[in-house]
Amino acid sequence: MQIKPRWMTPELETFRDAVRRFVAAEVTPHQEHWKKQQHVDRDVWDKGGAMGILLADIPEEYGGSGGSFAHQSIVFEELTYAGDMAFGIHVHAIVAHYILNQGTEEQKQKYLPKLASGEMIAAIAMSEPGAGSDLKGIRTTARRDGDSYVINGSKTFISNGYMADLVVVVTKTDPEAGAKGVSLIMVETRDCRGYRVGRILEKIGQKGQDTCELFFDDVRVPLDRVLGGVEGKGFTQLMTELPYERTILGVSGVAAIERALDLTITHTRERKAFGQALIEMQNTRFVLAEIKTEATIARTFIDRCIVDMMEGRMDTELASMAKYWISDLQCKVIDQCLQLFGGYGYMLEYPIAQMYVDARVQRIYGGANEIMKEIISRNL
Ligand SMILES: Cc1cc2nc3c(=O)[nH]c(=O)nc-3n(C[C@H](O)[C@H](O)[C@H](O)COP(=O)(O)OP(=O)(O)OC[C@H]3O[C@@H](n4cnc5c(N)ncnc54)[C@H](O)[C@@H]3O)c2cc1C
């Protein structure tokens, strides 16, 4: 039950219809299979590329579809409405924005068209076994050696890690220089000596998404793979680009809230107890009334964020608010909805159960919600 966003246009409605049909035909039928194998099939990337939904908001001159953040948001919303948490377009689009906004012209020309077509799948590798929230504590190094960087270290929890052809790796090019010694280096993984993908991690939810450990053992890449062509800018690049990621998490979170409400209204209309439908009980109606109100508040807020993104005005603080507040609300609402399903809500064949386990990580990845509050509190 989506309240029509204020940014919606007839052209975007047509785009949404097309994305919805694509998801119904190319994503939904494969969800169970993807969960079992812990990753999507390669061909959905090719099909997504042909359809123009992988990089919907990247300019056409770089192979993207030339749309706005509203187009890209519609893609994330439609995947969420269909209950998909496997097809990693989110991280893929995030990486594309790093390259678009921070890369050299040559890097943009080289990688963006391949990411748009699905020829290359992208991942971003920040987190390490010893450093997640505290990114300054990373230990992966990229040492200059002649005309190459030599990368050593390991990363964990990397989304799209099993399938990625291009990994943006957060490294220390100068371990003594603190934040100024951090550089983002692009590693092409095909036939890359010293690069190894560890096991696909066993998660409580999002089982079709390939979240992996990555290992770098004397991986050599040319010097021109440093994002933006200059060393030591990695930390600033991360801080500049993280709002895009956090806004996306908010967009998906609101769509999940809307879906949970829809599913629960349908179920409580159909399910009977004590001679009446569950929805006729005052408690059920009050809970759903509260959720509908909160869904409306969340939708209003995220629509403002989407417009800010479209107009290039999104800032770190607002993106942090969206990420933390919406993901907290998402988990609370889905829990309340699950309760109204009774025992069926605990059965994975019911989508609300899947949503419950899929949602939990929204409060952790993209920066834990506590880190979001740290960021917001800096400007009090
Ligand atoms: C499914 C999944 C997918 C992921 N995908 C990616 C990816 O594609 N790329 C990538 O680089 N990373 C990815 N991550 C990693 C994710 O970003 C980190 O898990 C997250 O940033 C938290 O880091 P951590 O796990 O090391 O927790 P820690 O840093 O150990 O923090 C643990 C907890 O401590 C608390 N905490 C930490 N610092 C503070 C503080 N300053 N103040 C108050 N409380 C604090 C918070 O509650 C936090 O949740 C993914 C993780 C998961 C689970």
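Tell me yes or no: at least one residue of the range 302-315 is within 16 Å of the ligand (Cβ to nearest atom), part of a helix (DSSP H, G or I), open to solvent by less than 30 Å² (accessible area, probe 1.4 Å) and not acidic (Asp, Glu). Scanning the range 302-315, I find no residue that is within 16 Å of the ligand (Cβ to nearest atom), part of a helix (DSSP H, G or I), open to solvent by less than 30 Å² (accessible area, probe 1.4 Å) and not acidic (Asp, Glu), so the answer is no.
Pairs are defined by a Cβ separation below 8 Å, a sequence spacing of at least 6 or placement on different chains, a first member in the range 60-89 that is under 18 Å from Trp34 (Cα atoms), and a second member that is among the polar types (S, T, N, Q) and assigned to a loop (DSSP other than H, G, I, E, B); the pairs so defined are Met85/Gln206; Met85/Gln209; Ala86/Gln206; Ala86/Gln209; Gly88/Asn160; Gly88/Gln209. Counting only residues that are of a type in the set (A, V, I, L, M) and in contact (Cβ under 8 Å) with a residue 60 or more places away in the chain, which one in the range 107-119 is farthest from the ligand (Cβ to nearest atom)? Ranking the qualifying residues of the range 107-119, first place goes to Ala116.
Being among the aromatic types (Phe, Trp, Tyr), in a helix (DSSP H, G or I), modelled with pLDDT of 95 or more and open to solvent by 10 Å² or more (accessible area, probe 1.4 Å), is that true of even one residue in the range 85-103? Within the range 85-103, not a single residue is among the aromatic types (Phe, Trp, Tyr), in a helix (DSSP H, G or I), modelled with pLDDT of 95 or more and open to solvent by 10 Å² or more (accessible area, probe 1.4 Å). The selection criterion, being assigned to a helix (DSSP H, G or I), open to solvent by 50 Å² or more (accessible area, probe 1.4 Å) and not aromatic (Phe, Trp, Tyr), holds for Glu370. Gly250 passes every criterion in (1) open to solvent by less than 20 Å² (accessible area, probe 1.4 Å); (2) at positive phi apart from (2). The C-beta contact set for the range 21-40 (first residue closer than 11 Å to Asp84 by Cβ, second residue in a helix (DSSP H, G or I) and of a type in the set (Val, Ile, Thr), distance under 6 angstrom, 6+ apart or interchain) comprises Glu26/Val44. Residue count for the range 328-364, restricted to those that are away from the ligand (no atom under 16 Å from the Cβ) and either closer than 19 Å to Ile279 by Cβ or polar (S, T, N, Q) (or both): 16. Filtered by the rule that a residue be of a type in the set (A, V, I, L, M) and free of Cβ contacts under 8 Å to residues at least 40 places away in the same chain, the range 319-345 gives a lone residue, Leu338.
Look at (1) touching a residue at least 40 places away in the same chain (Cβ under 8 Å); (2) within 16 Å of Leu338 (Cα to Cα); (3) acidic (Asp, Glu) and you find that Glu270 fails only one, number (1). The residues on offer are Glu78, Glu60, and the sole one that is surrounded by fewer than 17 Cβ atoms within 10 Å (Cβ to Cβ), of a type outside the set (Phe, Trp, Tyr) and within 20 Å of Gly48 (Cα to Cα) is Glu60.
What strands (runs of 3 or more DSSP E) completely inside the range 127-225 contain at least 3 residues that are within 16 Å of the ligand (Cβ to nearest atom) and touching a residue at least 40 places away in the same chain (Cβ under 8 Å)?
On the way: elements: 141-145, 148-159, 166-172, 182-188, 195-200, 211-222.
Of the strands (runs of 3 or more DSSP E) lying wholly inside the range 127-225, those with at least 3 residues that are within 16 Å of the ligand (Cβ to nearest atom) and touching a residue at least 40 places away in the same chain (Cβ under 8 Å) span 148-159, 166-172, 182-188, 211-222.
For the criterion of being within 18 Å of the chain's Cα centre (by Cα) and of a type outside the set (Phe, Trp, Tyr), Thr236 fails. Comparison of Thr284, Thr296 shows that the only residue that is touching a helix residue (DSSP H, G or I) at 6+ places or on another chain (Cβ under 9 Å) and polar (S, T, N, Q) is Thr284.
The values are calculated or read from the model by the stated rules, or taken from the named source; none is laboratory data. A quick note: this is a predicted structure, and the numbers were derived from the prediction, not measured. All Cβ positions, even for glycine, are placed from backbone atoms using ideal geometry, and neighbour counts span all protein chains on display. The protein model used for the area step is the full one, side chains on, heavy atoms only, and it has no ligands, DNA or RNA in it. Shrake-Rupley method; radii C 1.70, N 1.55, O 1.52, S 1.80 Å.
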